[in-house]
Amino acid sequence: MKPTNPVFTGLATTVFETMSRMAIAADAINLGQGFPDVDGPEDVRRAAADALMAGPNQYPPMLGLPDLRRAVAEHEKRFYDLDIDWTSEVMVTSGATEALADTLMALLEPGDEVILIEPLYDCYLPLVKRAGGIPVRVRVTPPDWRLDIPVFRAAFTENTKAVLLNNPMNPAGKVFSDEELCEIAAMCREYDVFAICDEVYEHLLFDGRRHRPLMSYPGMRDRSVKIGSAGKTFSLTGWKVGYITASPKLLDPIAKAHQFVTFTTPPNLQKAVAYGLGKEDGYFTGLAAEMQDKRDRIVKGLKEIGFGVLPCEGTYFATCDITPLKLSGGDVEVCKRMVEEGGVAAVPVSAFYIADAPADFIRFCFCKRDEVIDAALERLSEWVGKTVV
Ligand code: PMP
Ligand code: GLN
């Protein structure tokens, strides 16, 4: 038999799926894969149910329902003062994952270099490679996850086509500073590079921080592709509704990729997300506040147990240094033992590196009910052999 494509052949199952399967097998509390354990707002779900029954349930327009494209454009105006033409600059996708795949297929040519910032979300590397891109690695390093600006600058060459930026950043819980975003924008301008901005956690920033899309920086409006996800914004990760905002010159080829990948996304979910994006400001601030409380709850407990908890400025995730606990083995082994013996699943952060990964960090997902967080902390405390005060 002839060989199948080497990018996907032999690739491991994602760490999220693997840890979730292990959690089920061990009857563990799952703080691995990033999903809330209660469903999002009832009115949004009701809107989806009503639209399902009222119909139509046939193919929606390829770019997405006008209601949702309009709602995305209004959202970009309301939160970021971006003026977006919904008819030519917004497209709906089946999740941010599809948006990333479409964008990489549409923007890259074989041999183009793409700057990726480690630790990176796991689908980036295979999607970049399958699209013919050459990954160029840059790192943010713990404990503060700051971007080393001279190293970042040195990564750019005449062959750089795009930077893939995840802000706020999974798994680091980092929110890029204004200074870092200014630098990234400056380099994109200087080298005439596209910015692919995975901003799925745009409404999950803590401690009074406000999200600033890279697209809003000088010279970035027409070279950025901004990607959002209803999964995160409405705590409905299974819906897989994403949206892209980009200038017509970029959106046009991205839409051509989309038309042959999924073509469209279920109409009732699109209608409900359109309704959701129009919710009052209090919904969005309330979501961040609720998640911040959960962050505080888990961080306090993990610190008491003895984990070296790193700062968490946004997202669903708290990353911990395991070295203070003096457990034997690296992050992968510790996560395996923790789920099997301790009854709590987390994710080894080494899974978010292309090579030379640190083995000292694990990620806990905290978008869970308070009692679930407390029960997990109790189990961890027992497992680690100390008592939570
Ligand atoms: N990007 C990042 C950084 C994520 O954490 C996730 C996780 N859901 C996604 C993209 C994928 O989003 P979606 O479920 O909308 O495809
Ligand atoms: N984004 C989620 C996480 O980081 C996982 C999504 C998935 O399993 N594909 O945990």
Take region 219-238 and flag every residue that is within 15 Å of ligand 1 (Cβ to nearest atom) and either in a strand (DSSP E or B) or crowded, with 24+ Cβ neighbours inside 10 Å (or both). 225, 226, 227, 228, 229, 230, 232, 233, 234, 236
Positions within region 264-321 being hydroxyl-bearing (Ser, Thr, Tyr) and either under 16 Å from residue 42 (Cβ atoms) or modelled with pLDDT under 95 (or both), in sequence order: 275, 283
Quick one: residue 27 ticks every box in (1) crowded, with 18+ Cβ neighbours inside 10 Å; (2) not in a helix (DSSP H, G or I) bar one, so which box is it? (1)
In region 163-174, is there at least one residue being β-branched (Val, Ile, Thr), assigned to a strand (DSSP E or B), out of contact with any Leu (no Cβ under 6 Å at 6 or more places or on another chain) and farther than 25 Å from residue 362 by Cβ? yes
Scan region 300-319 for residues that are away from ligand 1 (no atom under 16 Å from the Cβ), within 17 Å of residue 169 (Cβ to Cβ) and not in a loop (DSSP other than H, G, I, E, B) and jot them down. 309
If you check residue 331 against the conditions, is it within 16 Å of ligand 2 (Cβ to nearest atom) and out of contact with any Gly (no Cβ under 9 Å at 6 or more places or on another chain)? yes
Report, ordered by the first and then the second residue, all pairs with beta carbons closer than 7 Å, sequence separation of six or more or different chains, a first member in region 187-210 that is at pLDDT 95 or above and part of a loop (DSSP other than H, G, I, E, B), and a second member that is away from ligand 2 (no atom under 16 Å from the Cβ) and of a type in the set (Val, Ile, Thr). 193/160; 193/163; 209/175
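Each row is one residue, and each column tells you yes or no for (1) away from ligand 2 (no atom under 16 Å from the Cβ); (2) of a type in the set (Val, Ile, Thr); (3) more than 19 Å from residue 254 (Cβ to Cβ).
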site	(1), (2), (3)
94	no, no, no
103	yes, yes, no
107	yes, no, no
111	yes, no, yes
114	yes, yes, no
117	no, yes, yes
126	no, no, no
131	yes, no, no
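The values are calculated or read from the model by the stated rules, or taken from the named source; none is laboratory data. These numbers come from a predicted model, not from an experiment. Methodologically, a virtual Cβ is constructed for each residue, glycine included, from the backbone with ideal geometry; neighbour enumeration extends over all protein chains shown.
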